[in-house]
């Protein structure tokens, strides 16, 4: 990793340019909906909680994997338990608990136990908008108590429709049953298509909810989608930028506010445009607000790093790249250039990968980009973009390093070898798809990869005769010679030619080798 110059100064400048951190009690920002890797990667720089809704299967492990994905990005999870605990009934209203809700809860809790810890989960939403949906509130209290007993550290969250709370009818479900619910830590109302700074129903509903559950922290649910009903706000979709600003102003001016959630991330159905499809002009305000609340600021200590590994058998440009300054799994873009020419194409290093300790975080740093036929025969260089500024050329493991050349992939490597009584292995190998290239070879002992032991790697770049060149389809340098270590004596030796397109093929033993088996020699 290359340390950037003046990194401390850079971090200080960024900190000064960011908006002031929101009041200390308002510390959580995120979205309802989403929660998949793509959404988390897009929002990782400015949200610190993710949202997950259970399904009806108590043996489902989906929540385990989603919480794990959030944890990797230093986020906590809010888990909605509606479908797990509440029976849909004939009309799909989910008003009553399953008769075996305790067993269902215990099964689900045990199945996902490793993920249900205080460092990973922020809280549980036992049932969304229970008063609006005329849920049995005594049952809601029973379920909330059960969850609180098992996870006393978790916040029990109540989100209710503002209209249901605001209703002045003494016979309304809220007015009749609010006293039946006491096991709740954080409270909030949702209301959409409004200006939150002037809407009377929102204001009075928040006041009434606080009076009903004194001493609780407050959640605000910001309007983060667009459909035809938003037209009454005036203007077009871009007005959602100022709506986000106003929701933030309302939340940060409430001394009890602890969390600002945005509904909803995903587009689809009644949600004509979710936050996932908001234009940059709007989503930039989400980012500003989120960073102000969460305080997420990236360091600027390292350059982007990675390796361009070449082209695989399906003609994908492959390798890995990351910016070690990314604490939350942010992904870098990778540019591909032809040597001596301009930019060809750009991709994102966001595919699942092994853990690269150099990246410091994340498990999705690989790139695998389909390449056009026009790449054939060209020497290609790869450059990774730093998340803040600049680019870094990726080293490669290719024959033309630091460039990689894409060839056809019709043939596997061919060749033959033999070993002398002194342990000198010699022979030839080539890839008929790239006859002008001198390819790499690997020497293995005892058995074939990956179970054997690799002895050495070499290059078949010694001058070869016309017979060999003819079998290869051209070129002049396909022979090799490798002295084997003494400890390989009396053990089976295998030699592999390495395909120019990330493959390999074992070489046959020469007819005059005197070797006991096809493809293996013992000296």
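Compute the Rg to Rh ratio over region 363-464 from the alpha carbon atoms, using the Kirkwood formula for Rh, and round to two decimal places.
Rg/Rh: 1.05.
Quickly work out the residue 505-to-residue 228 label distance, labels modelled 7 Å from Cα along the C-beta direction, and quote it in nm with one decimal.
It is 6.3 nm.
Helix 200-212 sits at what angle to the longest principal axis of the chain, using alpha carbons and giving 0 to 90 degrees rounded to 10?
Helix 200-212 and the main axis of the chain meet at about 80 degrees.
Dividing the Cα radius of gyration by the Kirkwood radius, what Rg/Rh value follows for region 256-375? All intermediate terms of the calculation are to be shown ahead of the outcome.
Values: Rg = 18.3 Å, Rh = 17.2 Å.
Rg/Rh: 1.06.
What's the Kirkwood radius of region 470-523 in Å, using all Cα pairs?
13.1 Å
Over region 51-125, what is the relative contact order in percent, taking alpha-carbon pairs closer than 8 angstrom and at least six residues apart?
40 percent
Would you mind computing the Rg to Rh ratio of region 117-174 from its alpha-carbon coordinates, Kirkwood style for Rh?
1.06
Any idea what Rg and Dmax come out to for region 305-405 if you just take the C-alpha atoms, in Å?
For region 305-405, the Cα radius of gyration and maximum Cα-Cα distance read 12.8, 38 Å.
Could you give the nm distance between label points at residue 388 and residue 238, where each point is 7 Å from its Cα heading toward the beta carbon?
Between residue 388 and residue 238, the label points sit 3.2 nm apart.
Would you mind getting me the FRET efficiency between residue 376 and residue 483? Use the beta-carbon distance for r and R0 = 51 Å, nearest 0.05.
Here the calculated transfer efficiency is 0.90.
Which whole-number percent gives the relative contact order of the chain, counting Cα pairs below 8 Å spaced six or more residues apart? Mind dumping the intermediate values first?
Details: 1161 pairs, mean separation 59.9, N = 523.
With pairs under 8 Å counted, the relative contact order is 11 percent.
Report the calculated FRET efficiency for residue 179 and residue 354 (r = Cβ-Cβ distance, R0 = 60 Å), to the nearest 0.05. Mind showing how you got there, number by number?
Values: r = 55 Å, r/R0 = 0.92.
Result of the calculation: an efficiency of 0.65.
Hey, how much of the P(r) for region 290-342 falls beyond 16 Å, as a percent of Cα pairs?
Value for region 290-342 (Cα pairs over 16 Å): 59 percent.
Tell me, what are the semi-axes, in whole angstrom and largest first, of the equivalent ellipsoid of region 19-294 as set by the roots of 5 times the Cα gyration tensor eigenvalues? Don't skip to the end; give the middle numbers.
On the way: eigenvalues 153, 108, 63 Å².
Gyration-tensor ellipsoid for region 19-294: 28, 23, 18 Å.
What is the calculated FRET efficiency for residue 142 to residue 314, with r their C-beta to C-beta distance and R₀ = 51 Å, to the nearest 0.05?
0.35
Taking 0.36 nm per residue of sequence separation and subtracting the Cα-Cα distance, how much length would be gained by fully extending the chain between residue 57 and residue 454, in nm to one decimal?
Value of the extension gain: 138.1 nm.
For the chain, would you read off the P(r) tail past 37 Å as a percentage of all alpha carbon pairs?
48 percent
Using a basic spin-label model with each label point 7 Å from the Cα along Cα→Cβ, how many nm lie between residue 346 and residue 103?
Once both label points are built, they end up 5.6 nm from each other.
State the extension gain, in nm to one decimal, for the chain segment bounded by residue 74 and residue 195, taking 0.36 nm per residue of separation less the distance between their alpha-carbons.
40.3 nm
Taken together, the values in this text are just the output of simple stated rules run on the coordinates, not laboratory data. Just so you know, these numbers come straight off a predicted model, no measurement behind them. Backbone-built Cβ (ideal geometry, glycine too); neighbour counts: all protein chains shown.
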